[in-house]
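Coordinate-derived values only; no laboratory data. Since we're looking at a predicted model, the values are computed, not measured. Cβ placement follows ideal geometry from the backbone for every residue including glycine, while neighbour counts extend to all protein chains displayed.
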Amino acid sequence: MKIAVLALQGAFLEHERMLERLGAEWFEIRQKADWEQPKDGLIIPGGESTTMLKLLHDLDLFDDIRAAIAGGLPVFGTCAGLILLAKSVAGDDIERLGTMDMEVCRNAYGRQLGSFYTEAPMKGVGEQVPMTFIRAPYINRVGEGVEVLAEVDGHIVAARQDHQFVTSFHPELNNDTAVHAYFLRMIRE
Ligand code: GLN
């Protein structure tokens, strides 16, 4: 199994370490030529979604990535990655990848609660999943085909729509590989 990791900006190295621990191969997408390699899945990391979006356009990766996901390439988006995959973002109408039927709220926890750690149950993963939030979004609304996997304080923080999987927290920043293992299982299914 070989996973492409979008490595333009943000917390991509930590995802690579997780994949290694689970015995999966990975390679980085840093420019358009990298995208040509065969892959079984894609990880879009956390970081700054506005910057990542700009880089996707500058490097001419935007259309290829969107088409691949729309065509069924399994994808895992964390935090900024989740924002890029959302069909809509509350309060703006910037065009993003938009392949997943949900509305998200960016920087949803405000300044005071910008970053925090908690543990919560997550369907298919565990009863006490470590969750690190960093200026995180949450999901306001999901479409019919989207399964809610986890909620924290009444807000959706993990969801799945067929081959698309997102968390608003950063599972790669904790020691627990269970969330990444879920993604790899999802690809095998
Ligand atoms: N606040 C960031 C954004 O809007 C996301 C933060 C993160 O990925 N940790 O893109």
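Pulled fully out, how much extra length does the chain show between H57 and D92, if you take 0.36 nm times their separation in residues and subtract their Cα-Cα distance?
Once the chain is fully extended between H57 and D92, it gains 10.8 nm.
So what is the relative contact order of segment 110-189, in percent, for Cα pairs below 8 Å that sit 6 or more residues apart?
26 percent.
What Kirkwood hydrodynamic radius, in Å, does segment 59-176 give when the mean of 1/r is taken over all pairs of distinct Cα atoms and then inverted?
14.4 Å
At R0 = 35 Å, how high is the FRET efficiency between A33 and E103 if r is their beta carbon distance? Nearest 0.05 is fine.
0.55
Taking just the alpha-carbon atoms of segment 113-189, what radius of gyration and Dmax come out, in angstrom?
Taking only Cα atoms of segment 113-189, I get Rg and Dmax of 11.9, 37 Å.
With +1 on each Lys and Arg Cβ and -1 on each Asp and Glu Cβ, how big is the dipole of segment 31-132 about its Cα centre, in debye rounded to the nearest 20? Each step should come with its number before you reach the end.
Details: 9 positive and 15 negative charges, 50 e Å.
Once rounded to the nearest 20, the dipole reads 240 debye.
I'd like to compare 64-73, 5-14, 43-52: which one has the highest average count of other Cβ atoms within 10 Å, and what's the full order after that?
The peptides rank, most packed first, as 43-52, 5-14, 64-73.
Once whole DSSP H runs in the chain are found, which of them have Cα atoms spread over 27 Å or more along the helix axis and a mean Kyte-Doolittle score of at least 1.6?
none
Given contacts defined as C-alpha pairs under 8 Å and at least six residues apart, what's the relative contact order of the chain, whole-number percent?
Once normalised by length, the contact order is 18 percent.
For a quick check, take a GNM of the chain with Cα springs below 10 Å and name the residue from P38, P130, P171 with the largest mean-square fluctuation.
Checking each option, the largest mean-square fluctuation is seen for P38.
Give me the distance in nm between label points sitting 7 Å out from Cα along the Cα-to-Cβ direction at E189 and E20, one decimal.
Result: 2.9 nm between the two label points.
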